[in-house]
1. Might you check whether a residue that is at pLDDT 90 or above, of a type in the set (D, E) and more than 20 Å from the chain's Cα centre (by Cα) occurs anywhere in the range B:69-81?
2. Check whether at least one residue in the range A:221-242 is touching a helix residue (DSSP H, G or I) at 6+ places or on another chain (Cβ under 9 Å), more than 9 Å from chain B (Cβ to nearest Cβ), over 13 Å from A:L82 (Cβ atoms) and of a type in the set (D, E), and report yes or no.
3. Taking the range B:63-113, which residues are loosely packed, with under 14 Cβ neighbours inside 10 Å, more than 7 Å from every other protein chain (Cβ to nearest Cβ) and without any contact (Cβ under 8 Å) to a residue 60 or more places away in the chain?
4. Would you check which residues across the range A:196-212 are surrounded by fewer than 24 Cβ atoms within 10 Å (Cβ to Cβ) and within 14 Å of chain B (Cβ to nearest Cβ) and list them?
5. Here are some conditions: (1) more than 14 Å from chain B (Cβ to nearest Cβ); (2) surrounded by 24 or more Cβ atoms within 10 Å (Cβ to Cβ); (3) in contact with a Gly (Cβ under 6 Å, 6 or more places away or on another chain). A:A282 meets all but one. Which one does it not meet?
6. Exactly one condition in (1) part of a helix (DSSP H, G or I); (2) without any contact (Cβ under 8 Å) to a residue 24 or more places away in the chain is not met by A:Q166; state its number.
7. Output yes when any residue across the range A:203-226 is touching a Phe, Trp or Tyr at 6+ places or on another chain (Cβ under 7 Å), in a helix (DSSP H, G or I) and either free of Cβ contacts under 8 Å to residues at least 24 places away in the same chain or under 23 Å from A:G105 (Cα atoms) (or both), and no when none is.
8. Only one of A:A251, A:A316, A:A242 is farther than 30 Å from A:V137 by Cβ, part of a helix (DSSP H, G or I) and either within 16 Å of the chain's Cα centre (by Cα) or in contact (Cβ under 8 Å) with a residue 40 or more places away in the chain (or both). Can you tell me which?
Amino acid sequence: MKKRFPEVILYLVPIPLIFVSILFGPSELLSINELAKLLISNSKSSGEDFEVIRDIVLNIRLPRVILAFLIGAALTVSGNSLQALFRNPLVSPDILGLSAGAAFGAAFSLAYGLLPLQISAFISGLLAVSLSYLLAVTYRGISTITLILAGIIVTSFFTALLTIIQFLTDPFKLQSIVHWTMGNLHTASWSKVSSAVFPITLSLIWLMLIRWKLNIVSLGDTETKAVGVNPDRAKLLIIIPATLACSSSVAVAGVVAMVGLVVPHMIRMLVGPDNIKVQPMAVVFGGSFLLCVDTISRTLTEYEIPISIFTILIAAPFFVYLLKKGKIFFRET
Amino acid sequence: MIEVKNLSFSFGDHEVLKNVSAKLYEGKFTAILGRNGSGKSTFLKVIAGIIKYKKGEVRIFGKDLRQIKDSERAKIIGYLPQFHTATFPYKVLDVVLTGRAPYVFSMPKKFDIYKSEEALDAVGISHLVDRPYSELSGGERQLVMMARVLAQEPKILLLDEPLTHLDLTNQYHMMELIKNHLSKGITVIAVLHEPNMAFKYADEFILLKRGQIIELSYHFKPWHQDILKELYDIELNTINFNDKAYIIP
């Protein structure tokens with residue numbers, strides 16, 4: 001039996017991380033040291049400088065830190081839930097066509113403005129998932145493979161629609177659409193936090209309450225039925241909150257790639273595969289992961305590099321490592 | 001008692017069970033025998049509530065199977081599938097613990113863990129408790145799934161080929177385990193490929209051929225030459241031992 005990494009330490013990671021992350025940033029007004037000094041003695045300082053710093057910290061960095069943590073947690077929890085549900089460690093929220101659907105919805109909103117960005121992405125994301133689901137349902141239930149194939153078809157379909165919009169729209173809007181689809185957090189604001197916090201928290205609480213069911217469902221349909229759990233109903237009760245969490249993230253930050261796919265694997269390496277442990281760790285570790293990546297992405301260079309580029313650069317080699325080490329295997333029964 | 005009346009079942013156009021009627025008695029060990037594709041496993045799955053039937057009737061302790069809620073059914077019936085593969089390397093205890101699902105609302109309690117450990121002990125695999133399930137051999141996995149069924153504490157055990165992956169010693173232990181549960185009043189119904197094991201341990205027999213039941217009249221025991229030829233389509237020689245007959249290879 002391998003000794004596991006002490007979990008308590010992992011649970012405490014976000015606290016210093018959030019604090020440090022608030023201190024860092026590409027602020028032209030102040031160095032990190034000055035900012036730290038002013039933060040510690042904020043009650044005594046006053047004047048114009050302090051007001052600016054206050055504004056930066058409270059209205060720019062704090063919402064961004066919260067948003068990064070929320071989205072990291074949402075993507076990781078829904079990724080892990082979907083992997084358990086499909087008994088397939090290669091599945092991610094993207095597989096259901098959710099990201100493509102939400103990206104199309106957002107692009108549609110950016111180009112034509114019929115609906116607010118968040119709502120449009122959310123509706124379109126849900127539509128894509130429902131479509132994948134409906135395509136996969138047959139009289140014999142829902143097969144894992146069919147659902148994944150349906151997801152691929154739906155993804156292609158919505159990607160094609162997105163391309164059409166990019167073709168038809170004017171260059172200025174095109175720029176913002178492309179930037180949005182790459183995933184970014186630099187537009188974080190309190191209004192974005194407030195639009196994402198409710199659906200994400202609600203979904204995470206629900207997925208936390210039923211996390212033991214993930215263990216059952218991941219053993220297979222027959223084994224699930226044998227212990228009196230209806231696998232089709234259980235799948236819906238997992239897919240809906242996982243979709244809600246993920247599409248809410250996509251709505252505020254675009255497509256942040258590979259987090260939902262790779263971070264659950266990192267967590268399983270740390271605490272083992274039991275979802276009773278994995279799910280709460282997915283909130284803490286997933287949130288911390290994205291917060292770290294975002295902090296790096298906004299301090300490393302003078303201009304903002306979309307966060308998705310960093311998540312891919314970190315996740316892709318790790319995923320290759322997992323594949324080569326045989327940590328991921330796929331077996332269809 | 002489980003009563004099956006005029007049960008028919010098809011996968012698409014292929015009719016697997018044709019008008020099957022049978023009675024399975026409480027506290028008895030019923031063995032289901034037949035060749036590959038005779039409908040044995042399907043018959044068991046229908047009774048276990050794993051697959052839904054449309055034609056016919058299944059009554060469990062007088063109640064229509066379709067009227068029983070899933071979680072209630074799982075407290076009465078435990079089902080051991082034929083083979084099982086794992087995607088995630090769950091610890092053996094975590095796999096067995098899922099057998100407690102009918103009794104658990106959200107999260108398993110200490111009592112459920114205790115019941116799971118008890119089941120592991122009953123099957124004789126306590127030493128595997130912390131091992132990753134996906135790294136076990138076929139036979140060991142079979143035993144883990146058996147422990148999972150026992151953790152479920154059902155009144156009826158439906159076992160699909162419980163001996164297949166097991167070595168001789170474990171086959172013996174499995175049959176003793178079944179005997180032990182029979183003595184506690186548990187009903188056991190098992191699909192068996194080895195007729196001699198069935199002849200030795202079972203009280204009742206259901207013989208299936210191409211989805212239909214071969215009726216046994218009062219005089220004809222299942223080890224009767226004519227019955228065996230009808231069931232397995234080959235001539236088999238038997239030898240008598242302790243009032244029962246066994247097939248000699």
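1. The answer is no, given that none of the residues of the range B:69-81 is at pLDDT 90 or above, of a type in the set (D, E) and more than 20 Å from the chain's Cα centre (by Cα).
2. yes
3. Matches in the range B:63-113: B:K63, B:D64, B:R66, B:Q67, B:K69, B:E72, B:F105, B:K109, B:K110, B:F111.
4. Scanning the range A:196-212 gives A:I205, A:W206, A:M208, A:L209, A:I210, A:W212.
5. Failing condition for A:A282: (3).
6. It is condition (2) that A:Q166 fails.
7. Checking the range A:203-226: at least one residue is touching a Phe, Trp or Tyr at 6+ places or on another chain (Cβ under 7 Å), in a helix (DSSP H, G or I) and either free of Cβ contacts under 8 Å to residues at least 24 places away in the same chain or under 23 Å from A:G105 (Cα atoms) (or both).
8. A:A316
The values are calculated or read from the model by the stated rules, or taken from the named source; none is laboratory data. Note that the coordinates shown come from a computational prediction; the quantities given were computed from them, not determined experimentally. Because the Cβ atoms are built from the backbone with ideal geometry, glycine has one as well, and the counts that use them run over all protein chains shown.
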